[in-house]
Protein chains: 2
Amino acid sequence: MRSADLDRVRSLPLFSVMSDELFKTVTSGAFLQKFPAGTTLLTEGDAVDFLYVLLDGGVELGATWNDKETTLAVLRPVSTFILAAVVLEADALMSAQTIERSDILMLSGEALRRAMKEDTALACAVAQELSGCYRGLVRAIKNQKLRGGLERLANYLITQKVRQGGGETFTLPHEKRLLASVLGMTPENLSRAFAAIADYGVVINGPQVTIARPAVLERLAKPDPLIDNHTLPTTAPIGKAQRERWPTAQTRSPS
Amino acid sequence: MRSADLDRVRSLPLFSVMSDELFKTVTSGAFLQKFPAGTTLLTEGDAVDFLYVLLDGGVELGATWNDKETTLAVLRPVSTFILAAVVLEADALMSAQTIERSDILMLSGEALRRAMKEDTALACAVAQELSGCYRGLVRAIKNQKLRGGLERLANYLITQKVRQGGGETFTLPHEKRLLASVLGMTPENLSRAFAAIADYGVVINGPQVTIARPAVLERLAKPDPLIDNHTLPTTAPIGKAQRERWPTAQTRSPS
DNA sequence: CTTGTTGATTGATGTTTATCAAGAGGCCAA
DNA sequence: TTGGCCTCTTGATAAACATCAATCAACAAG
């Protein structure tokens with residue numbers, strides 16, 4: 001494994017607190033793998049043997065029931081995933097699939113669990129990471145249960161705008177098909193929602209989105225810090241271990 | 001505080017791993033309070049200074065946006081809540097309100113955070129608890145995004161039946177008004193759903209529910225271990241630290 | 001007993017969302 | 001270039017869900 005990749009892992013809050021030797025122990029049995037787009041890394045119900053770390057590319061976490069499918073999160077580097085299942089040694093509740101060619105580091109779950117028992121700082125870091133993930137899910141449920149489709153889209157656009165620097169125009173990071181699944185609607189309905197949101201000063205041009213009248217859009221979206229996590233274009237790797245961290249909200253590739 | 005209450009706290013997975021002295025330290029600054037029904041313990045956005053432990057009664061965790069309200073979970077004894085906010089020293093994302101007269105133990109969040117740093121076993125227990133909570137939320141989102149209202153009700157009824165011993169008839173644990181909020185629908189719609197589910201062999205009589213033809217109801221509900229957590233009428237306090245623990249799924253009053 | 005309150009139910013109606021179907025445009029490989 | 005495939009879009013229709021209004025039963029307070 002390239003040392004640059006190791007450094008990126010090391011800079012994650014989870015691993016930055018570990019001693020060098022423990023880090024070596026945990027990563028010794030690890031391997032880095034490259035996957036093409038569309039690869040299923042994990043299917044819901046599978047036993048989970050590894051903690052995954054997305055170093056490059058993109059991963060969708062999804063779930064299925066009764067021939068319906070939905071997306072729970074889209075991950076960008078650098079993110080860990082299925083930490084909760086690793087901690088509990090439980091089966092996965094979500095499936096994971098690459099959406100682009102991706103570099104993924106796989107760490108032995110067993111080794112991580114052992115390391116937690118020996119290193120309080122690591123165990124605390126895991127607890128903090130899980131807390132951040134938990135709060136991200138609380139936000140997601142509130143978003144889903146309290147808002148309608150158009151409102152979810154409006155808030156999504158505002159969040160994207162902030163995360164991409166706050167400029168008037170930005171680019172949708174995924175296919176609209178996938179976005180629809182994230183937002184909990186059908187692709188057809190997302191199309192109509194995009195058409196409807198034009199009335200609020202949003203201009204769509206393929207993947208390019210321009211928010212012409214932010215004030216008008218905000219009056220529709222009513223963004224709320226208790227639901228939307230706008231705070232993530234921070235440049236520093238980690239301000240404090242305080243900040244809420246949820247997969248989809250992870251620090252962008254730091255370099 | 002009564003020693004019986006302390007014992008109940010001690011038997012929680014979170015606290016059973018602590019040494020006696022550490023447990024004393026953490027609980028020394030704690031106080032037990034009795035609240036009448038309908039008391040707001042915490043409003044979303046509030047700073048969180050305490051870890052709460054519900055010893056008796058019931059608590060609703062809810063959230064609000066734009067004059068709409070929804071229930072994220074209903075807790076029964078013995079349950080802890082807002083652990084994630086305590087770990088991150090963050091503001092609450094949910095409100096907490098008693099739904100009955102309740103006994104609630106409040107532990108200093110500060111003390112708990114300090115204890116985590118000193119006791120690996122505690123930090124690991126917190127990580128496991130949070131993992132369980134996280135997975136509970138994953139289940140909740142899947143339930144919400146993948147199923148329709150009638151399906152959610154059907155699965156709720158099956159879950160209640162199992163948790164109450166599996167008999168043909170059982171009692172709804174809350175007002176229907178609250179149940180509707182948990183299931184993500186209006187009270188009116190829940191009423192209609194109850195009427196509709198009669199076709200599947202479910203007889204409603206006030207709060208009494210009889211599932212006359214379980215097989216028929218299951219064909220509608222299609223319960224799935226990756227969404228529904230049926231496994232909780234266990235008598236033992238804790239089988240292993242393995243079992244998934246989510247507030248609403250907490251061990252019932254042990255005595 | 002009467003009154004007021006609250007939760008539950010039912011009906012009528014409108015909105016939101018899903019489904020089915022069709023077509024436009026881009027992209028890749030033969 | 002052509003044909004096939006995919007995404008996105010649009011329209012027509014149906015199902016699901018919310019809202020508004022009214023009624024009823026249960027219950028507590030006067």
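Data table
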quantity: Label geometry 7 Å along the beta-carbon vector: B:VAL203 inter-copy distances in nm; calculated: 6.6
quantity: Shortest-first distances to equivalent copies, position A:ARG2, nm, label 7 Å out along Cβ; calculated: 6.4
quantity: Relative packing of A:168-177, B:107-116, A:189-198, which averages over residues the other C-beta atoms within 10 Å, highest first; calculated: B:107-116, A:189-198, A:168-177
quantity: Spatially proximal lysines relative to A:LYS145 (Cα-Cα < 25 Å; intrachain offsets below 8 disregarded); calculated: A:LYS68, A:LYS161, A:LYS176, A:LYS222, B:LYS68, B:LYS142, B:LYS145, B:LYS176, B:LYS222
quantity: Peptides ranked, highest mean first, by Cβ atoms within 10 Å: ranges A:65-75, B:72-82; calculated: B:72-82, A:65-75
quantity: Net lengthening on full extension, B:SER3/B:ALA196 (0.36 nm per residue, minus Cα-Cα); calculated: 64.6 nm
quantity: Per residue accessible area in Å² of the stretch A:148-221, where ligands, DNA and RNA are left out and the probe is 1.4 Å; calculated: 47 Å²
quantity: Computed helical MRE - 222 nm, chain B, DSSP H runs ≥ 4 contributing -39500 (n - 2.57), nearest 500; calculated: -12500 deg cm²/dmol
quantity: Per-residue mean of C-beta atoms belonging to partner chains within 10 Å, peptide A:117-123; calculated: 5
quantity: Nearest-20 debye value, the stretch A:148-221 charge dipole, Cβ charges on Lys, Arg, Asp, Glu; calculated: 80 debye
quantity: Solvent-accessible area buried by B and A, counting both chains, probe 1.4 angstrom, square angstrom; calculated: 5100 Å²
quantity: Cβ-based net charge around A:ALA37, under 13 Å, with every Lys or Arg adding one and every Asp or Glu removing one; calculated: -3
quantity: Teacher prompt: B:VAL216 distances to equivalent labels in other copies, 7 Å Cα→Cβ, nm; calculated: 5.4
quantity: Within 10 Å of each Cβ in B:89-100, the average number of Cβ atoms from other chains; calculated: 3
quantity: Net charge, A:ILE211 excluded, C-beta distance under 11 Å - Lys, Arg +1, Asp, Glu -1; calculated: 0
quantity: With every protein chain in place, chain B: carbon and sulfur % of accessible area (1.4 Å); calculated: 51 percent
quantity: Two-site FRET efficiency, B:LYS117 against A:PHE31, from Cβ-Cβ distance with R₀ of 30 Å, rounded to 0.05; calculated: 0.40
quantity: Shielding score for B:218-231, defined as the mean number of other chain Cβ atoms within 10 Å; calculated: 2
quantity: Förster radius 30 Å - calculated FRET efficiency between A:THR186 and A:THR43, Cβ distance, rounded to 0.05; calculated: 0.80
quantity: Approximate spin-label separation B:ALA212-B:ARG10, in nm, with each point projected 7 Å along Cα-to-Cβ; calculated: 5.1 nm
quantity: Per-pair calculated FRET efficiency, R0 = 41 Å: B:VAL203 and A:ARG101 via Cβ, rounded to 0.05; calculated: 0.15
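The values are calculated or read from the model by the stated rules, or taken from the named source; none is laboratory data. Since the model is a prediction, treat every value here as computed from it, not as a measurement. Note: ideal-geometry Cβ built from the backbone for every residue, glycine included; neighbour counts use all protein chains shown. Note: accessible area is taken over every heavy atom of the protein model, side chains too, but ligands, DNA and RNA are not part of it. Shrake-Rupley method; radii C 1.70, N 1.55, O 1.52, S 1.80 Å.
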